[in-house]
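Have a look at the structure below before the remarks.
No lab work stands behind these numbers, since they all come straight from the coordinates. Keep in mind that this is a model prediction, so the values were computed, not measured. Note that we place each Cβ from the backbone using ideal geometry, even for glycine, and neighbour counts take in every protein chain shown.
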Amino acid sequence: MSTFNVINPATEEVLAQLEEDSAASVQEKFELVKKGQQEWAAIPVAERVNAIRRFDGLLGEELEKLAKILSEEVGKPLQQSRNELNGARGRIAFFIQHSEKWLEDEWLVTEGATKERISYEPLGVIANISAWNYPYLVGVNVFIPALIGGNAVLYKPSEFSSLTGLAIRDLLYRSGIPQNVFQVVLGGGKVGSYLLDLPLNGYYFTGSNKTGKLIAQRVAEKLVPCQLELGGKDPLYVTDEVTDIDQVAGAALEGVIYNNGQSCCAVERIYVHEKVYDRFIDSFLQQAKALKVGDPLTEGTDIGPLTRKDQLAFILDQVQDAQTKGATLVYGGYRMQQPGYFMMPAVLSGVNHSMRVMQEESFGPVIGIQKVGSDQEAVELMKDTSYGLTAAVYTSNKERADQLLRQMNTGTVYWNCCDRVSANLPWSGRKDSGLGSTLSFSGIRAFVQPKSWHLRG
Ligand code: NAD
């Protein structure tokens, strides 16, 4: 039996030692849920929705306990863990409200000799290979609609959020989701690859572009659905038509720094029109200096440690690279001399696209701010990326925003807001940011397959 340690990133202490799955145990879990899936699919959708309703109730009852587990294992401030749980409950409420409508049979032709309808059938057993940065949010995007759709799920939480994965499993079982319908698979990439060795009926992945591409290649030969929610290098453009620069700088800062920048749709590049650039930088810095970096379990902390130790060196390298190429480090940018993976957020001005910080996903507390002279220049820079998750524009001029956002090749665009996900809208990345979408009606239909009925008689 192999084990792995769950480390508290704020203290570097071992929180738990967990048993890692082996190829054999993953196979056994697969055999178990394969049998259970058909029975689950035979239950009416409304009953499956009821089980999810109970799960939602338990999330509410246990919110404080779950938030603490999450903060301890990934290092996010307690209030952000609570926010995440509440956000996940909001998404679940969407699925509870809308799933039956999107899964019921649709009659297209009801008159004449040949009647026609569409039914929506589950895929079978699906893998949910997940990330650690928002384990509840990215988890519920997949396993909730998958279960409601009548599928069985092999859920692999990230090795950095395994305790949360186990808590989710226990609550699902208490809600009435059978053990032979939902199983957790624990471990890192090697364990994830065991799932790729199995003949599953769909693969739903949230994580890095590198792993996502590898998964897409492996799944291609199976000819089953493969959805990828990957990273981003999301731009935000502040035009010269903004009325309240402090408010815009505060919103941009939050987009950069929320969850320590470890958000797929974090603001990763800021472009500011030259007419407001100096004022924006002043306000941004003033507000950044007020953020409290510290113990995630202390109320009032804004920024905890990074979740993964490796990411510290990666971000500090980006800062160094930018400085070497002429950027100015105007704030932070160093590891704090204390236990834990704490870093003072780094603000770089005078950046350009020769610098890694404006090209590679940072996924951490660092931002480059670049001055631009026109909308055209801003658009060219915003589009200069292999990613396509989100893009934001701040301006009081609606037509200008519309004109700018139409040019973005991203799954999501924001006018006077950023770093935001809504259950009503499809969540999808283009280019290197992913394939397929979750949430909205398309995120319900993503876990079923249509059957076309031609009916005579
Ligand atoms: P990661 O790619 O390192 O790991 C993701 C998952 O894949 C983990 O469960 C991991 O164990 C597993 N894995 C790793 N190698 C594997 C392999 N060879 N075969 C099968 N599984 C394997 O990513 P991460 O560090 O957990 O997450 C951070 C990334 O996720 C960032 O790039 C972020 O932008 C992205 N993300 C995207 C979204 C979105 O909605 N687009 C949401 C959250 C996170």
For this session: First check a/c for region 234-422, with a ≥ b ≥ c the square roots of the eigenvalues of its C-alpha gyration tensor; if it is under 1.5, answer rounded, and if not, answer prolate when a/b is larger than b/c or oblate otherwise.
Result: prolate
Exercise. What is the set of long-range amide H partners of LYS156 at a cut-off below 5 Å, with H atoms built 1.01 Å from backbone N?
Worked result: ASN128, ILE129, SER130, VAL185
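Full extension from GLN449 to LYS289: what is 0.36 nm times the residue separation minus their Cα-Cα distance, to one decimal in nm?
Details: separation 160, 0.36 × 160 = 57.60 nm, distance 5.10 nm.
Result: 52.5 nm gained on full extension.
Among the chymotrypsin sites (Phe, Trp or Tyr not before Pro) within region 287-334, which fall in a DSSP loop and have no more than 14 other Cβ atoms within 10 Å of their own Cβ? Can you show the working numbers first?
Details: sites: PHE314, TYR331, TYR334; in loops: TYR334.
Taking region 287-334 and a limit of 14 other Cβ atoms within 10 Å, the loop chymotrypsin sites (Phe, Trp or Tyr not before Pro) found are TYR334.
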For this session: May I ask which residue of GLY261, LEU404, ILE369 lies farthest towards the positive end of the charge dipole of region 234-422, with charges of +1 (Lys, Arg) and -1 (Asp, Glu) on Cβ and the Cα centre as origin?
Result: GLY261
For this session: State which entries of LYS190/LYS210; LYS190/LYS222; LYS325/LYS431 exceed 25 angstrom in Cα-Cα distance in the structure shown.
Result: LYS325/LYS431
Exercise. Residue by residue, what Karplus-based ³J(HN,Hα) values in Hz, rounded to whole numbers, does region 426-438 have, using 6.51, -1.76 and 1.60 with θ = phi - 60° and x for Gly and Pro?
Worked result: x, 9, 8, x, 9, 6, 6, 8, x, 8, x, 9, 10
Exercise. Hey, could you pull the Cα Rg and Dmax for the chain, both in Å?
Worked result: 22.9, 78
Problem set entry | Helix axis angle, 135-148 relative to the chain longest principal axis, alpha carbon, degrees | 20 degrees
Seminar exercise, completed: Nearest 10, in degrees from 0 to 90: the angle of helix 23-42 to the longest Cα principal axis of the chain is 60 degrees
Exercise. Label points 7 Å out from Cα along the Cβ direction at ALA313 and ASN86: separation in nm?
Worked result: 3.9 nm
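I'd like the FRET efficiency for GLU111 and ASN50, computed as 1/(1 + (r/R0)^6) with the beta carbon distance as r and R0 of 25 Å, rounded to 0.05. Walk me through the numbers before you get to the answer.
Working: r = 35 Å, r/R0 = 1.42.
Result of the calculation: an efficiency of 0.10.
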For this session: For the chain, find the longest principal axis of its Cα atoms and tell me its angle to the long axis of helix 63-74, 0 to 90°, nearest 10.
Result: 60 degrees
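Among rounded, prolate and oblate, which fits region 41-151 when a ≥ b ≥ c are the square roots of the eigenvalues of its C-alpha gyration tensor, a/c under 1.5 means rounded, and a/b larger than b/c means prolate? The partial results should precede the final answer.
On the way: a/c = 3.18, a/b = 2.62, b/c = 1.22.
Prolate shape, in that a/c is at least 1.5 and a/b is the bigger ratio.
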Exercise. Across region 175-184, in residue order, what do the Karplus-derived ³J(HN,Hα) couplings come to in whole Hz, using 6.51 cos²θ - 1.76 cosθ + 1.60 with θ = phi - 60° and x for Gly and Pro?
Worked result: 7, x, 6, x, 5, 8, 10, 9, 10, 9
Problem set entry | Value of [θ]222 nm, deg cm²/dmol, for the chain, DSSP H segments ≥ 4, -39500 (n - 2.57) each, nearest 500 | -13000 deg cm²/dmol
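So between GLN38 and MET344, what do we pick up on full extension, going 0.36 nm a residue minus the alpha carbon distance?
Values: separation 306, 0.36 × 306 = 110.16 nm, distance 5.15 nm.
Between GLN38 and MET344, full extension yields 105.0 nm more.
Defining a contact as two alpha carbons under 8 Å apart and six or more residues distant in sequence, what relative contact order in percent does the chain show?
On the way: 1004 pairs, mean separation 87.4, N = 457.
RCO, the chain: 19 percent.
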For this session: Tell me the trypsin sites (Lys or Arg not before Pro) within region 402-445 that lie in a loop according to DSSP and have at most 16 other beta-carbon atoms within 10 Å.
Result: ARG420
Exercise. For GLN79 and SER119, what does the FRET efficiency come to when R0 = 56 Å and r is the distance between their Cβ atoms, rounded to the nearest 0.05?
Worked result: 0.80
Seminar exercise, completed: Under Stokes-Einstein, region 378-426 at 25 °C and 0.890 mPa s, with its Kirkwood radius over C-alpha pairs, diffuses with a coefficient in µm²/s of 216 µm²/s
For this session: Would you kindly state how much longer the chain becomes between SER354 and GLN323 on full extension, computed as 0.36 nm times their sequence separation minus their alpha carbon distance, in nm to one decimal?
Result: 10.0 nm
For this session: May I ask what percent, to the nearest 5, of DSSP beta bridges between residues of region 234-422 are antiparallel?
Result: 15 percent
Exercise. Tell me, what HN-Hα J-couplings in whole Hz come from the Karplus equation 6.51 cos²θ - 1.76 cosθ + 1.60 at θ = phi - 60° for each residue of region 185-201, using x for Gly and Pro?
Worked result: 10, 10, x, x, x, 4, 5, x, 5, 5, 5, 6, 7, 8, x, 7, 9
Exercise. Is the shape of region 194-251 rounded, prolate or oblate, going by the alpha carbon gyration tensor and its root eigenvalues a ≥ b ≥ c, with a/c under 1.5 for rounded and a/b larger than b/c for prolate?
Worked result: prolate
